[in-house]
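Single-structure report; data block below.
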């Protein structure tokens, strides 16, 4: 598997075979066209060898077979909105772009199940089923652009996953292409399935097990009533206490989001929300369900907010006002551009009860290194998003940012947290896996990948046989999305962990 | 791996090594003592080679290593309440009984997480944390006896899993002993974890991947208000329509259970519930949450029941009255003994919207074969439990029961359903796996088992290595719980599917 420049004989043969599989117009190979596929939402980049856009599950399977014959790596790609480098094609890979597989194939209204293709945009699914009074729950902030297939790969979350869980809780089954080009359903349209949970193992595997070609998802009924509240507090501690009190009262809001002073300062000149001048933190609480229940719960949240000294409380009952309250939160990351030209977003999770302590420690890291850190995050489930603001032209500052990111992740882990809440490991965090996992842990994960990737010889009990039986090409553990998740290994010039390379530039409109 | 009678030299050496690992008093080897470990809740039986009762995770790991050295199969055992033969020790296995590992090790009240040992009885966990206002949600009807470890193995459900999901939704992490005797955590006490979901793959693997030694579970807050309603209907169709209407109204009751006329007839002389004489079906609906919400929802359920012609409606707001309404449902299976000496319980799942059709078809099967079939089941999630009543001394009737069981499962599958709602495959249903899964599907599952059982050689990418690296003994795919889940293979005289052998006798007090 050596790097082959476009235009070599080997590459021309690969391109011809792919064109044969999906049609000439669906293979992208000109260097200027390939540029579009070098990036995802992270700063990492790498040039694909060729991009192929299959129009069906069968064509996708055919592409995998062609890549196998040419002994090429494969990187599946959704909309490329991921934040950890998952869609960046390391090692001169064939990118299988799923943008043409974007249909809702079937909606079973009564049983509330839809079968969709992986390239379908997340929000588009909810839009298409809203006429039945249904919606799809997981709502990454990028939901206007990101795809269901990408959500499956990263087990994506979103503000509303507090009450309803992440993608894996809403995916009933997956049709996938495995390493040998075979098509297989894992799980199915039923809520309960039988046998080992291969579906569960596949969700969140960051494109390293195979290519998703169909997804059976659970739909939910649109709530009768949605009530959104925004409360401003004069201290971060008061806002954190409010979060704890809401949870302690037995409420599970549909969303529970927080923004700190740095974030508020960044947002005021952009969105003019007009928060109180002394606001140190703003909380968004969204409740949904039957009208009476929401009314009762809203009153309880109000009481808790006032008890903790909320200086202002705004409420919204209709879609327009609700969008207004959410606008600042959803655009917050983009607004950091008003403070500094660049930011680096750290995605860590801590136990909810450690939020206040961890935020103090994060602030201390910033103070010590002379860096401004904005916090805008899913408070309800302890998913922090500290954004370190800086100027990437100042080399000295960049080194400090890398140091701060590392220290913040260490703080999360030391407080019983995890490396990633919802953005995956990808390239960006692979060097940090040993902070949380032992060699044995990672061997266990690699063993799972082996099960999907490499067929096993029959053993004496007659029970052998990997997932991808019948493959003829050399077994390659990193056939799909090579160089991701695990530290080290032969990679293709990508950054080893957080380097200057993986510090993301601030772009207006970015959403997290 | 040949069968070795207790008392042979090889067995004496194995016993001595196990006694060395856990102490003489914790190894059971006398034939009369081993009798207790031949059964579980199914009719299948097989004698263990020896039973060992470790007192810690380390001792459990030591037992696995000893079994490896003696090239013996291993069967983990909880309380033996399973209904599909999962704990029956085929192939002359060493049974690792987990009854001594029954402690609650840690309760993190604020984050609502407990670390428990696998031998802890399900209900005991809720009892121990109730002082903190918390409980553990999955509630198999056997919850007074079954263990958390057994629940993990079978991904157990229960009446209250309609709203809250099965065991896998409540297990955050597992400490397990793998095939090489190493101890490993899969997942952890955090809600969100990183890397592949090995925890998810392990839950529901029916003891075939390894032995669970610790479980991190999510606890829930005890609801402010619980309201239970029981409604009698003059037709099964009216009761089924009520179920559909409740779900269509956007309600997700904590439980939604149904009993048919046959079940009512069985229960009247035992529990004297005094249902109306013309009742053809009885429905139990339980709602929980904040008081106002429950009150509103109860009113809605009442309206729906009346609209569908409910002839009687009973309600309960306190624990004593609630237990009263539940008594018949929870004891229903046992009451079948008043109608016939034996029953065979079929555990299948169908899409909720197909319930009415499928129940008619089930009845038709009974009518055609001259068999009485009682239905008592989780209506809310389409988990049927048709109980075929018969006399096991009538050989002709037994053959018809086997035929009926087969036809009912075929009906479930033909209606888009699954083989098992919550009792697993085990021995009982393994012959039926091909009804739902292709060879490729089952190869995929076996591949997953390989990943946990057999280490892989390093491949050229340096990313090889199975879960159980470092094992020295021969790789054996069926090291743990041999002869289960997959059809065929070398087994130890167990029934191939539903045979006369796997028809369960009716015993008073059985709960499903």
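Bear in mind that the values in this text are calculations on the coordinates, not laboratory data. None of these values were measured; they are calculated from a predicted model. Here Cβ is always computed from backbone atoms with ideal geometry, including for glycine, and neighbour counts include all displayed protein chains.
Structure summary
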item: Efficiency of FRET between residue A:393 and residue A:315 - r from beta-carbon atoms, R0 45 angstrom, step 0.05; result: 0.55
item: Chain A - Debye-derived log10 I(q)/I(0), Cα point model, q = 0.05, 0.09, 0.12, 0.13 Å⁻¹; result: -0.20, -0.65, -1.13, -1.29
item: Base-10 log of normalised Debye intensity for segment A:317-356 (one unit scatterer per alpha-carbon) at q = 0.27, 0.29, 0.35 Å⁻¹; result: -0.87, -0.90, -1.08
item: Nearest-ten-degree value, helix B:291-307 long axis tilted from longest Cα axis of chain B; result: 60
item: Neighbouring partner chain Cβ atoms per residue of A:476-486, average, 10 Å criterion; result: 3
item: Most to least packed among A:166-175, A:22-31 [average Cβ atoms within 10 Å]; result: A:166-175, A:22-31
item: Prolate/oblate/rounded label for segment B:46-118 (Cα gyration tensor, a/c 1.5); result: oblate
item: Peptide A:165-175 - average C-beta neighbours from other chains (10 Å radius); result: 1
item: Per principal axis, descending, Cα span of the protein assembly as shown in whole Å; result: 86, 63, 59
item: Where the Cα pairs of segment B:9-97 fall when distances are cut into 5 Å bins, in %; result: 3, 16, 27, 26, 17, 8, 2, 0
item: Sites residue A:252 and residue B:303 - FRET efficiency at Förster radius 30 Å, r taken between beta-carbons, to 0.05; result: 0.70
item: Ascending list, in nanometres, of distances separating the residue B:327 label from those of the other copies (7 Å, Cα toward Cβ); result: 6.2
item: Hydrodynamic radius by Kirkwood, which averages 1/r over all alpha carbon pairs of segment A:197-280, in angstrom; result: 17.1
item: For residues of A:285-297, the mean tally of beta carbons on other chains within 10 Å; result: 4
item: Alpha carbon convex hull of segment A:312-431, projected area averaged over orientations, nm²; result: 8.9
item: Pairwise label distance in nanometres, residue B:8 with residue A:69, each label 7 Å out on the Cα-Cβ vector; result: 5.4
item: When segment B:223-339 is reduced to its Cα atoms, the Kirkwood hydrodynamic radius in Å; result: 14.3
item: The protein assembly as shown, helix-only ellipticity at 222 nm - DSSP H runs n ≥ 4, -39,500 (n - 2.57), divided by all residues, nearest 500; result: -10000 deg cm²/dmol
item: Ranked by how many other beta carbons lie within 10 Å on average, peptides A:406-416, B:422-432 from highest; result: B:422-432, A:406-416
item: Along principal axes, Cα extents of segment B:104-221, largest first, whole Å; result: 39, 29, 24
item: Label point 7 Å beyond Cα along the C-beta direction, distances from residue A:439 to other copies (nm, shortest first); result: 4.0
item: For segment A:208-257, diffusion coefficient by Stokes-Einstein and Kirkwood Rh (Cα), 4 °C, 1.567 mPa s, µm²/s; result: 87
item: By average C-beta atoms within 10 angstrom, highest first, the peptides A:108-115, B:115-122; result: B:115-122, A:108-115
item: Per-copy distances of the residue A:109 label point, shortest first, in nm (7 angstrom along Cα→Cβ); result: 4.9
item: Relative pair counts by distance (%), Cα atoms of segment B:231-272, 10 Å bins; result: 25, 46, 24, 5
